[in-house]
Amino acid sequence: MHVSKAKHLLCLTGIALLLMTVGSMTSFLFPLHTGVDQNCFLTVARAWLEGRLPYRDIFEQKGPLLYLLHIPAAAFPQGRFFGVYLVQTAVWVLLLLGFERLARICMPGSTVRTQLAVAAWSALAIVTARCYSRGDNAEEFCLVPVVFALCDLMQAVRAEQTAFSRRILLRNGIFAGLVLWIKFSMLGFFIGWCLVIGVLLWRDRGFLTALRAGLWFLLGMALTAVPVLLYFGLHHALRDLFDVYFLANATLYPRKITMLDRVLDFFRSDLYKNPVMVPLILFGAAFCTKGRKLREKAAVWVPLSLLYVFVFIGGVRYRYYLLILGAFVPFGIIALRQILQNYVFSKHESAWFAVRLCMYPAILALTGNCLYFIGKPRSYYPQVQFAEKMEAGKILLNYNFLDGGFFLMSGTKLPDSRYFCKVNIYREQLPEMFEEQERIICERSADYAVIRREKAETWAEKYSYVPFYENYEKIADAEEQYDGYCYELYQRKENDD
């Protein structure tokens, strides 16, 4: 590798390490990640290594590729999330490269240092946004294929006549396939991508050319499906894959939000709670397409709009859902860069560079999602407190809530059931999940059980199943102030006889 390229890659790696060390709870600064989804991903990966097949033997609803990305962490018995931290760092190096390429396309003639600045500040805006949710979200891993596909799209529409080689079409189909097997609800971007390219190819080169392009794209997606379908087919689990990953996600989540609420939530949730990232996206998209040809405007607004619609159309809204829109943040940074260059940076460029260099880590440390947890002793975490009360190797039931990280910290085993925890589905939609957990309680097949409530709830209203208190006795309790949860740890009672 050329020396300058090696130095550049080293610089990108340094930025990625800084972002992940301070901005993600997977880093070595924290004993664990307090997020429930993140612990679910890691628990499924550990179970997979131990011989349990996702979907068939353990019920969790993200894509198989996401669990595969957590295998490195699962392979570290005492490494906690350290393997995820390493994977995330590699992902962010790729993402920074993608942001640089997008800056190169949108700012012809710009210097390498300018492109690096756009990439670095874009990454900072994403990692410090509330939707980043302390790191290790499915959306985070989908950002890379989305950003690189966006680069290919922008490069194509800026050409005089739309033309795509088979290699590029195949590559973007693979990008879409990667997203499909991580979290398929984010495929709205690629639907928009295909619409823009399909219409332009049809107009510029004819219907058959557009049709052939679509087939090459679908072939790329099919290439990603072959190993997945083959693996689960050989394990006689294709039906489980379909039922849990696709069908359950599409039909079982509660949807009680009205269309008006969905529109209003953009202002009261997405914009209000992400006051830097969302305005950057909207302002940048408007600025970078102002005065441009219709095809360039479509290349930004159509995929962005369809991505947002397909993520939120179901009426389910969690704060990390918005993270995938971070692929469009560089447009906002580019817009700010061009405005400030004319009025601020044009004078005393070296001094401004030094100021920005100092501001970068300060902003990350003071506005990141993990600020509250930095410096907290291990004893602060209920997971650590309870681990001291449990014997490693015993069976733990995570009762009636998502995986809180108690398996990871205590070294306990999962129950002999698909339902090691309760996912966000109501009893009416999936009664089997509740019945299985109650079976474990009645049969006293778990040595320990941990329960959780929000501070506004009472134990009696959330845990009213009488056999639980007949078969288990409380041995510890704890609170986590930041997320506002109360926990209790129960141990199986000794038989009276």
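Overview of results
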| read-out | value |
| --- | --- |
| Burial ordering of PHE148, PHE283, fewest other beta-carbon atoms within 10 Å first | PHE283, PHE148 |
| Cross-link partners of LYS62 among aspartates and glutamates (Cα-Cα below 18 Å; sequence separation of 8 or more within a chain) | ASP37, ASP136, GLU139, GLU140, ASP240, ASP243, ASP403 |
| Label-to-label distance, nm, for residues given as ARG444 and LYS493 (7 Å Cα→Cβ offset) | 0.9 nm |
| Neighbour-count order for VAL91, VAL146, fewest beta carbons within 10 angstrom listed first | VAL91, VAL146 |
| Likely footprinting exposure, SER269, SER122, SER133, SER379, fewest C-beta neighbours within 10 Å first | SER379, SER269, SER133, SER122 |
| Linear extension gain, PHE242 paired with GLU388, 0.36 nm per residue minus alpha-carbon span | 48.6 nm |
| Length added when fully stretched, ARG166-THR209, from 0.36 nm per residue minus Cα-Cα | 14.4 nm |
| Amide H contacts of TYR472 (H built 1.01 Å from N, under 5 Å, at least 5 apart or other chain) | LYS493 |
| Counting DSSP beta bridges with both ends in the chain, the antiparallel % (nearest 5) | 75 percent |
| Amide N of the stretch 114-131 lying under 15 Å from the label point, which is placed 7 angstrom from the Cα of TYR482 along Cα→Cβ | 128-131 |
| Over 18 Å (Cα to Cα) - which of LYS273/LYS422; LYS273/LYS462; LYS422/LYS462 fall in this group | LYS273/LYS422; LYS273/LYS462 |
| Cut-off 13 Å between beta-carbons: net charge of the residues surrounding ALA210, Lys and Arg +1, Asp and Glu -1 | +2 |
| J(HN,Hα) series, the stretch 54-60, from Karplus relation 6.51 cos²θ - 1.76 cosθ + 1.60, nearest Hz, glycine and proline x | x, 6, 7, 9, 8, 8, 7 |
| Fully extended contour minus Cα-Cα distance, from LEU271 to ALA250, at 0.36 nm per residue | 5.0 nm |
| Point-to-point label distance, GLN155-LEU340, nm (Cα→Cβ direction, 7 Å offset) | 2.8 nm |
| Helix-only [θ]222 nm of the chain, DSSP H runs n ≥ 4, -39500 (n - 2.57) each, per residue, nearest 500 | -17500 deg cm²/dmol |
| Out-of-range pairs (alpha-carbon distance over 28 Å; input LYS7/LYS290; LYS413/LYS493; LYS394/LYS474) | LYS7/LYS290 |
| Distance between modelled label sites at TYR231 and GLU50, nm, 7 Å Cα→Cβ extension | 1.9 nm |
| Nearest-ten-degree value, helix 329-340 long axis tilted from longest Cα axis of the chain | 50 degrees |
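Bear in mind that the values in this text are calculations on the coordinates, not laboratory data. Here the structure is a predicted model, which is why all the values come from computation and not from measurement. Every residue, glycine among them, receives a Cβ derived from its backbone with ideal geometry; neighbour counts consider all protein chains shown.
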